[in-house]
Amino acid sequence: MTEKEKNILIVDDDSSIQELMRIILTKNGYNVHQATDGEQAIHLFMEVAPDLVISDISMPKGDGFNVAIIIRNKERSLGRKVPILLISAFYDDHANVENAERCGADAVLSKPFTQKPLIAAVEKLLEGDNEPAG
């Protein structure tokens, strides 16, 4: 699968942030799938088997921490580990960083963000080894 064929699942209840990420990612050649809450995210995760998940931390029906935990449990059925990037307006909050690590997220990006740091984080996570889920 080439870089241009990578599927990314965006999860955010803020439609403007979601649309901004969709525009940036599609402009950079990624296939984008969108969910507005944690419940919808898990359903889409199982349906589209994305190569990367980008999730807001604070949302209804399952925050980003819960989404990450559930994905880590469900990814065994995909046979590979899927990178998870959490986004938060409270990135500097030490508890958020610790919770992100504890729930299995691979990285955290602070809101607001611009195109360059988003694409850099996405590329770094997609370049990593998608080792078998254990």
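Listing for the model above:
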| read-out | value |
| --- | --- |
| Those residues of segment 29-47 which are in contact with an Asp or Glu (Cβ under 9 Å, 6 or more places away or on another chain) and either over 13 Å from D12 (Cα atoms) or assigned to a helix (DSSP H, G or I) (or both), in sequence order | G29, Y30, N31, G38, F45 |
| Residue within segment 54-63 that is part of a helix (DSSP H, G or I) and surrounded by fewer than 22 Cβ atoms within 10 Å (Cβ to Cβ) present | no |
| Whichever residue in segment 49-78 is among the polar types (S, T, N, Q) and closer than 14 Å to N96 by Cα and, among such residues, is modelled with the lowest pLDDT | S58 |
| In segment 83-96, residue modelled with the highest pLDDT [restricted to those that are touching a strand residue (DSSP E or B) at 6+ places or on another chain (Cβ under 6 Å) and not in a strand (DSSP E or B)] | P83 |
| Qualifying residue in segment 52-60 (condition: under 18 Å from R72 (Cα atoms), in contact with a Gly (Cβ under 7 Å, 6 or more places away or on another chain) and among the β-branched types (V, I, T)) | yes |
| First in segment 15-36 and free of Cβ contacts under 8 Å to residues at least 60 places away in the same chain, second anywhere and of a type in the set (V, I, T) and surrounded by fewer than 17 Cβ atoms within 10 Å (Cβ to Cβ), Cβ under 8 Å, 6 or more apart | V32/T26; H33/V48 |
| Members of segment 60-76 found to be closer than 12 Å to A41 by Cα and among the acidic types (D, E), listed by number | D63 |
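The values are calculated or read from the model by the stated rules, or taken from the named source; none is laboratory data. Not measured: the values here are computed from a predicted model. Note: ideal-geometry Cβ built from the backbone for every residue, glycine included; neighbour counts use all protein chains shown.
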